[in-house]
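Data first, discussion second: the structure below is written as structure tokens.
Read-outs: derived from the displayed coordinates by stated rules, not from any lab. All values reported here derive from a predicted model rather than from experimental measurement. Note: ideal-geometry Cβ built from the backbone for every residue, glycine included; neighbour counts use all protein chains shown.
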Amino acid sequence: MNHIELKSLSFHREEHPNHKLLDQIDRSFSAQSPVLISGETGSGKTTLMQILAAMRRPVSGECLVNGEDVSRWSSGFRDDWRKSIGILPQSPLLMDHLTVLENIMLPLLNQKGSLASIVDRAEQVIGHFNLKHRQHLHAKKLSGGEAQRVGFARATIVKPNFLFLDEPTAHQDRKGLDLIMDSLQEQKGVGCMIIAVSHDERLKEMPFFEHNLELTEGKLKER
Amino acid sequence: MNLSHQKPFIFFTLKETFRSASQTWATILTLVVMTAFPGTLLLLTSAIETTAERLLERAPSIVVRQVSTYGWKPMPVSAVQLLEEIPGALSVEPRVWGLCSSDFGAVTAMTNLSQTSPDSIPKPKAGEAIMGPGLPIPESQTIILHAEKTIPLSISRSLDNTFSTFLSACVLIHEDDARELFTLPIGTCSDISMTFFHDTEAVAAIPEIIAKLPFPVQVSTKQDTLKLYSGNLAKWGGLSMMLLIPSLLAMFFFLWTQRKMMKMEKRNIGILKMLGWTTIEITWSQILRSLLIGIPSCLIGCSLAYFMVYGPNMTWPARFFLGWSDTYPSFNLVPIWRILFELGGFIIVPYIASQLFPLFRSATTDPAKLLEGGGQ
């Protein structure tokens, strides 16, 4: 069973050593219980998400993923480990010169498998997120909500063990929200661990997230 | 390595290569020009070197010329008998020849007095000229040669390319015409050529040659001529090095544009790393992209250089690079591999390095920092 354990996890920016974004956080997360983290702007939610996704190293403490301290691994191992996780950053970070289909295929293009099978898989995911009519469009031509759904599709195409989502529903209407929640339900069903950070009040009301935490003054507290 | 597994990777690399078509074509064009320009000079230098070696193979071991205080002087043919007494001399022959001007620029007018020259080299009659393979035939079928005197000659024939470089820019004329043209009295010659079994014997014989002859002479060996060529080639080699300066400047331009594109590249590298691409995978993709652009560009540039040196009626590179204004022999083909390696080293390797530069700097940086536009 996938699980993450944070031990005395701290982080501050080099330029602001006295302002601790994350302050001695001790917390465990497991795959059965999706987690929603909220907090004010600048409270450190995105930083926490980046540390969990091995995109940034903590200043001190440990981030144990299935018992392994990923934060202490070398860059190469951390890059490789990210093959098995799904990340949706706050801004979807699509490659503008690639089409929707190509952007979604991106996490699989460096992995084993035929091009045809990758295209098939990407087209399935595109269909699920109602983007079929947009699949050959360049990413720069998408609306905010569409770009976010493309980012979400890209995060799930690898069938991840861990899914880290930063404001996954910020630009979504009700229909878009439902599509995303359906996908999250599916991911949870296959044992994927889900951690989302969001301001979205609609998510806070959803029973899907069994743990509803708030990040304030560098500490994670149950709401 | 299973190629079918690499197809998605190659697909992505091709997509990235032509991400910006205008930028890609501009890069290809720049690399082609940067390869073709110094390539032409390098090829020209090699071609001249090879051609010179071919020419010198048929040259005599030693050439003896009488000198006076004001320069060359016709020498008596009777000196041949004195020189035949030199041990090791296989042949001693008087030559009547000289440089003169014509409608085609400077040409060498020579007679075929040699008893040892191949029978296939024809002997013109008086009043006639036989043109070397490098010279054109005017419609009037006549050539006017200017030296000490001016003489018109009718062209009886033109030598084909089987006579090759040795006679390329020469006009073969009758001995009587040559004596008139250069005002050489009967019983004199322009110089005397000597052939020895081995070149070292020729060098050893020089003091004896000088001692034998009752007038001051200058003795030139084949080695002296080679040194003269080497000096010229060294000068051209230096010129080719100077032509590599623009290539280096172009490399700096590449590095500069790379620096300008750094922010965008960092973002893309950050996205790829976020999605689980390792530095090695990104590096391979980048190397493949550089090779996809660099190798065809280098080959096109080298082909252009080859065409400019060996292409039909391509005379301007020699005029432009070397300042040649006269007719010169057609060049012997030289292998292009050396040029390819030299140009590859000077152009393709720095180009690939400039492409990998931002990657090396980003290799150990966390994706979050790259996406923020930070990093080293």
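Assorted remarks:
- Each of the peptides A:212-218, A:110-116 was scored by the mean count of other Cβ atoms within 10 Å over its residues; in descending order, highest first, they stand as A:212-218, A:110-116.
- Ranked list, fewest to most other Cβ atoms within 10 Å of each Cβ, for B:TYR70, B:TYR310, B:TYR351: B:TYR70, B:TYR310, B:TYR351
- Taking every DSSP bridge with both residues inside the stretch B:60-220, close to 80 percent are antiparallel.
- Among A:HIS138, B:HIS198, B:HIS174, the ranking by other beta carbons within 10 Å of each residue's beta carbon, starting with the fewest, stands as B:HIS198, A:HIS138, B:HIS174.
- Inter-label distance for B:SER91 and B:LEU299, nm, one decimal - labels placed 7 Å from Cα along Cα-to-Cβ: 4.7
- Ranking B:LEU153, B:LEU184, B:ALA205 by Cα position along the charge dipole of the stretch B:60-220, where only Lys, Arg, Asp and Glu carry charges on their C-beta atoms, puts B:LEU184 farthest toward the positive end.
- Neighbouring Cβ atoms from other chains, within 10 Å of the Cβ of residues in A:94-106, number 3 on average.
- Cβ-derived FRET efficiency at R0 30 Å, A:LYS83 paired with B:TRP25, nearest 0.05: 0.30
- Local electrostatic count, A:SER30, Cβ distance below 14 Å [Lys/Arg +1, Asp/Glu -1]: 0
- Charge dipole (the stretch B:60-220, unit charges on Cβ, about Cα centre) - positive-most of B:ALA126, B:MET75, B:THR111: B:MET75
- Inter-chain shielding of A:204-212 (mean C-beta neighbours from other protein chains, 10 Å cut-off): 0
- Estimated FRET transfer efficiency (A:ARG72, B:ALA147; beta-carbon r; R0 60 Å; 0.05): 0.10
- Cα-projected label distance for A:GLU217 with B:SER220, points at 7 Å along beta-carbon direction, nm: 9.8
- With respect to chain A, whose longest principal axis is taken over its alpha-carbon atoms, helix A:174-189 is tilted by about 70°.
- Inter-part distance where the stretch B:176-206 and the stretch B:1-69 are each reduced to a Cα centre, Å: 41
- Net charge, B:VAL334 excluded, C-beta distance under 14 Å - Lys, Arg +1, Asp, Glu -1: -1
- Pairs of Cα atoms nearer than 8 Å and 6+ residues apart set the relative contact order; for chain A it is 30 percent.
- Per-residue mean of foreign Cβ neighbours for A:68-80 is 3 (Cβ atoms of other chains, 10 Å radius).
- Our estimate of slack between B:GLN6 and B:LEU249, defined as 0.36 nm per intervening residue step minus the Cα-Cα distance, is 83.9 nm.
- Cα centroid of the stretch A:133-176 to Cα centroid of the stretch A:54-129, whole Å: 13
- Helix-derived mean residue ellipticity, 222 nm - over the protein assembly as shown, DSSP H n ≥ 4, -39500 (n - 2.57), to 500: -14000 deg cm²/dmol
- When each of A:LYS175/B:LYS15; A:LYS112/A:LYS140; A:LYS175/B:LYS7; A:LYS45/B:LYS15 is checked by Cα-Cα distance, pairs over 30 Å: A:LYS175/B:LYS15; A:LYS175/B:LYS7; A:LYS45/B:LYS15
- Prolate/oblate/rounded label for the stretch B:60-220 (Cα gyration tensor, a/c 1.5): prolate
- For B:LEU90, B:LEU291, order by how many other beta-carbon atoms lie within 10 Å, fewest first: B:LEU90, B:LEU291
- Gained length - A:ASP120 relative to A:SER60, 0.36 nm times residue gap less alpha-carbon distance: 17.3 nm
- Looking at the protein assembly as shown alone, DSSP beta bridges between its own residues are antiparallel in about 70 percent of cases.
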